[in-house]
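Taken together, the values in this text are just the output of simple stated rules run on the coordinates, not laboratory data. In this text, all values refer to a predicted model and were calculated from it rather than measured experimentally. Cβ placement follows ideal geometry from the backbone for every residue including glycine, while neighbour counts extend to all protein chains displayed.
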Ligand code: SF4
């Protein structure tokens, strides 16, 4: 289960309801070691905020038993500092997805009005721990922060503020993945059944894909504040 409730969640079928078996710390450690034996390049925890102590316990067992792979911590950036501090020295690569800058958008679309403050704190702490993203000689990411940002329709002003924050308050060398795959999903465009908007489509302002000019605008916003390291696979 994810710790956010994004109304547009692009994978709501697995993020918004419990699925899969419960596994204890020994079991998770065994899975990590099995992935290493099969030749995986890293161990990627996706939105582990609500089970951070259990992840630490599992990593301790796995490292004791020979885990050498980089550990990736992949989140929606809605992370408590107390959880991130538990990860200090254990996580090699942080991949926060910084979604919105304003409290209004965060309250309406993520159901978390304190998201912008929590995300700023989290990204600063992640960068303090591991710095800018670095690569092995053969091109695999091995340590640092990779910030993702999903471009949303009609919200380019928030994109600009997020990139300004990264450039001015984190690092101009921040590696950024600007994602253009947003499409209406989950609750977006569904009909409200109750309340004063009953019968109307919900979240109409984001009920479309971003257009090419918005994606180009996101890159321009990043470059204009000095960011220059982009995930070339999505250009
Ligand atoms: S953070 Fe990602 S997975 Fe979680 S609800 Fe939002 S879009 Fe879905």
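Points worth noting:
- Rh (Kirkwood; distinct C-alpha pairs) - the stretch 171-210, Å: 12.4 Å
- Taking the longest Cα principal axis of the chain as reference, the axis of helix 156-165 is set at about 40 degrees.
- Peptide ranges 38-44, 202-208 listed from the most packed, as the mean C-beta count within 10 angstrom indicates: 202-208, 38-44
- Subtracting the Cα-Cα distance of residue 64 and residue 173 from 0.36 nm times their residue separation leaves 35.8 nm of extension gain.
- Nearest 10 degrees, 0 to 90: helix 52-64 Cα axis against the chain principal axis: 30 degrees
- DSSP beta bridges in the stretch 12-234 [antiparallel fraction, %, rounded to 5]: 15 percent
- The stretch 39-83-the stretch 112-165 distance, computed between alpha-carbon centres (Å): 18 Å
- Overall dimensions of the stretch 12-234 by Cα: Rg and Dmax, Å: 18.8, 59
- With Cα atoms, 0 to 90° folded angle of helix 25-37 axis to the chain main axis: 80 degrees
- The calculated FRET efficiency for the pair residue 26 and residue 181, based on their C-beta separation and a Förster distance of 35 Å, comes to about 0.45.
- Estimated distance in nm for a label pair at residue 140 and residue 54, the labels positioned 7 Å out from Cα along Cα-to-Cβ: 2.8 nm
- Here, P(r) means the percent of Cα pairs in each 5 Å bin from 0 to the largest distance; for the stretch 1-111 it is 2, 11, 20, 22, 19, 14, 7, 4, 2, 0.
- Virtual spin-label span in nm between residue 201 and residue 113, 7 Å along Cα→Cβ: 2.8 nm
- Modelled label positions at residue 128 and residue 13, each set 7 Å beyond Cα in the direction of Cβ, lie 4.1 nm from each other.
- Angstrom value of the Kirkwood radius, inverse mean 1/r, which spans all Cα pairs in the stretch 144-214: 14.2 Å
- Stretching residue 44 away from residue 88 to a fully extended chain increases their span by 14.3 nm, per 0.36 nm per residue minus the current alpha-carbon distance.
- The stretch between residue 231 and residue 5 holds 78.7 nm of extra length on full extension. This uses 0.36 nm per residue minus the Cα-Cα distance.
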